[in-house]
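No value in this document is a laboratory result; all are computed from the given coordinates. Note that the coordinates shown come from a computational prediction; the quantities given were computed from them, not determined experimentally. Glycine also receives a Cβ, built like all others from the backbone with ideal geometry; neighbour counts cover every protein chain displayed.
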Amino acid sequence: MPRRIDRVVVIDTHTGGEPTRVVVSGGPNLGRGTLAERLARFRDQHDTFRSAVVNEPRGSDVMVGALLCEPSDASCATGMIFFNNVGYLGMCGHGTIGVAVALAHLGRISTGMHRFETPVGVIAVTLETENRVSLDNVPSYRSMRDVVVSVPGLGRISGDVAWGGNWFFLVHEHQETISLANAERLTEVSWTIRHALNEAGIRGDDGGEIDHIELYGPSTVPGAHSKNFVLCPGKAYDRSPCGTGTSAKLACLLSDGTIGEGEIWRQESLVGSIFEGSARIVDGEIIPTIKGTAYVNAESTLILDSDDPFASGIRV
Ligand code: PYC
């Protein structure tokens, strides 16, 4: 086979410390159809591209990728498919904020409201300044409350199962300290909880795996209401407060009457970054709004050389 060099143009951003690598050009041709259909084609036919972009040696376990694509809904400014070190995400809050800031950096959108299409629905995104973004997420809800699971080494752990664009298990009662110094322990605890949920057959109400685990504790930043630790599907923790996780949490808070419609909830991440959230009811559904800040930190071209044994990244 003759040697082949492919070039992939990316913009790297971070949202509250959590990276998003936005693929601007050089991605696979996924054909036409809904974003959900194109995500399925991406997974089935082009998974090596996912791994090449986000896995080592070009990326890391923390990196989330966003493939920009032509939207199927002409009212949308872009389509986007999110992916990580192990697979694909229906929606990603920090990633949406990163995509908006990357598109502004490229001069493709200006301040104001835009619609972005994802495999799980259309997101209304408002670019407030070149770095500050607010998004109205997909309808979010709690599907089960106070689910008790028996976790090896931890005993009975109770939490809520909620949807915010991904499935979350929200653990409010636990013995852990939510601090960066304790990240390794939090990772192991959350990973064990995830496996216990799986073993117990506890899933989202569409049958989807609960692949994000969220632990809460008191905030350490003045004005914040809570601090979280969110374990993502590939065992990396979210450096941001997690947009979809905060959406799931807001849906529970609003359902419980802990917050009222439009009331601000400031969610702190493990590294001290903040998302400002609120929720309102539209046509009987809870729509969370998440506001955060992202910065561009690289403009680069990835080189995929067919002679490179690790051109497609290191895969587990
Ligand atoms: O911000 O929604 C989010 C997210 C999901 C996984 C990592 N970040």
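Counting other beta carbons within 10 Å of each residue's own, what order do T34, T293, T129 fall into, fewest first? If you can, show how the numbers build up before the last one.
Numbers: T34 13, T293 19, T129 10.
Lowest to highest Cβ neighbour count: T129, T34, T293.
Just round it to a whole percent: the fraction of Cα-Cα distances in region 256-296 exceeding 16 Å.
Working: 363 of 820 pairs.
More than 16 Å apart: 44 percent of the Cα pairs in region 256-296.
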Does region 220-291 classify as rounded, prolate or oblate by the C-alpha gyration tensor (a ≥ b ≥ c root eigenvalues; a/c under 1.5 gives rounded; else a/b over b/c gives prolate, otherwise oblate)?
oblate
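For W191, W163, what's the fewest-to-most ordering of other Cβ within 10 Å of each Cβ?
W191, W163
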Summing -39500 (n - 2.57) over every DSSP H run of at least 4 residues in the chain and dividing by its residue count gives a helix-only mean residue ellipticity at 222 nm, to the nearest 500 deg cm²/dmol, of -6500 deg cm²/dmol
Shape of region 1-99 from its Cα gyration tensor (a ≥ b ≥ c, root eigenvalues): rounded if a/c is under 1.5, otherwise prolate when a/b > b/c, or oblate?
oblate
When the gyration tensor of region 181-316 is built from Cα positions, what are the square roots of 5 times its three eigenvalues, in whole Å, from largest to smallest?
30, 21, 17
Using just the Cα positions, wrap the chain in a convex hull and report its mean projected area in square nanometres, one decimal place.
16.3 nm²
Need one word for region 113-237: rounded, prolate or oblate. Basis is the Cα gyration tensor (sqrt eigenvalues a ≥ b ≥ c); a/c below 1.5 gives rounded, then a/b vs b/c decides.
oblate
Starting from region 1-110, pick out the trypsin sites (Lys or Arg not before Pro) whose DSSP state is loop and whose Cβ has at most 15 other Cβ atoms within 10 Å.
R3, R4, R32, R108
When the chain is modelled as a GNM with alpha-carbon springs shorter than 10 Å, which of G207, G27, G90 fluctuates the most?
G207
Set the Förster radius R0 to 45 Å, insert the Cβ-Cβ distance between R7 and D146 as r into 1/(1 + (r/R0)^6), and round the FRET efficiency to 0.05.
0.30
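Starting with the fewest neighbours, write out K249, K235, K291 ranked by other beta-carbon atoms found within 10 Å of each beta-carbon.
K235, K291, K249
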